[in-house]
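Everything on this sheet refers to the single structure shown next.
The values are calculated or read from the model by the stated rules, or taken from the named source; none is laboratory data. As the structure is a computational prediction, the values presented were derived from the model and not from experiment. Cβ placement follows ideal geometry from the backbone for every residue including glycine, while neighbour counts extend to all protein chains displayed.
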C-alpha cells in the first residue's frame, strides 16, 4: 500500500508539474507576438476575429463587440486588408459570424473585405480552417488577453505567421473564470496539436486573397 501511495503521489506531482510547464510554454511562445498598441502591430493581409456569444436579439456580446471593434480599428489603420470572421454557426437559430458581418457592414465595411468561417467552433478549428480552408499565411488575431496566448500558440504551431492584439476595453463578467478555464483549454490545445486532430468540418477551399462572395458554408 505504501508503494502504491508513493507511486500515486509521484504521478500526481508529475501531472501538476507538466501542466505548469505547459502554461509557461504557451506564454513563452506567444509573448513576442502580443501587442497592446495597434500602431505597433506588424501589418498582415488578414485579421482573424474569433467568435464569442451573441445575444438572442443577434446583437454582439460585450466580449465579441470588443473583438470586432479592435479588428475594425486595425482595418482603418491599414493593418489588415481582409476580415476572417470565425465563429459558431452550427445551428440555424444561432449565428455568430453573420452577426459580426452585419455589425461591420453597419460600420461601412464592404462585403468584399469580409470572409466568413461558419465552422469555427473552437480556437483550434478556427486556426486550422484559416490555414487549410482560407489559405491564410499571415494574420493578426483579435481576442481578449486571457485567450490570446492560446490562440497565438495554436496558430504558430499550425504554421501561421500570426500576431495578436489585446482587445480588452471592459471588465468582463466571469473574467476570473475565463482565466482559470484557460489552463484546461491549453491542455486541450496541446492534445489536439499532438494527435493532429481534424476540425469538425473541412470544406471547400476559399482563398482569403480571392473573392469573398461565394457562400462560406462549412
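Listed values, structure above:
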read-out	value
Residue that is crowded, with 18+ Cβ neighbours inside 10 Å and in contact with a helix residue (DSSP H, G or I) (Cβ under 7 Å, 6 or more places away or on another chain), where the choices are 150, 129	150
Residues located in region 13-51, provided they are buried (at least 18 other Cβ atoms within 10 Å of the Cβ) and out of contact with any strand residue (DSSP E or B) (no Cβ under 8 Å at 6 or more places or on another chain)	26
The lone exception for residue 140 - which of (1) at pLDDT 90 or above; (2) surrounded by fewer than 24 Cβ atoms within 10 Å (Cβ to Cβ) it fails	(2)
Boolean, residue 198 is in a loop (DSSP other than H, G, I, E, B), over 25 Å from residue 16 (Cβ atoms) and in contact with a helix residue (DSSP H, G or I) (Cβ under 7 Å, 6 or more places away or on another chain)	no
Filter result for residue 171 (at pLDDT below 95, out of contact with any helix residue (DSSP H, G or I) (no Cβ under 8 Å at 6 or more places or on another chain) and over 29 Å from residue 17 (Cα atoms))	yes
Some residue of region 131-151 being farther than 22 Å from residue 175 by Cβ, in contact with a strand residue (DSSP E or B) (Cβ under 6 Å, 6 or more places away or on another chain) and assigned to a helix (DSSP H, G or I)	no
Scan of region 82-113 for residues that are closer than 30 Å to residue 190 by Cα and touching a helix residue (DSSP H, G or I) at 6+ places or on another chain (Cβ under 8 Å), ordered by number	82, 83, 84, 85, 86, 87, 88, 89, 96, 100
Enumeration of residues in region 174-186 that are touching a helix residue (DSSP H, G or I) at 6+ places or on another chain (Cβ under 8 Å) and surrounded by 15 or more Cβ atoms within 10 Å (Cβ to Cβ)	182, 185, 186
Neighbours by Cβ (under 8 Å, 6+ apart or cross-chain): first from region 58-77, free of Cβ contacts under 8 Å to residues at least 12 places away in the same chain; second assigned to a loop (DSSP other than H, G, I, E, B)	61/52; 61/53; 61/55
Matching residues in region 76-106 - criterion: being within 18 Å of residue 36 (Cβ to Cβ), touching a strand residue (DSSP E or B) at 6+ places or on another chain (Cβ under 9 Å) and surrounded by fewer than 23 Cβ atoms within 10 Å (Cβ to Cβ)	79
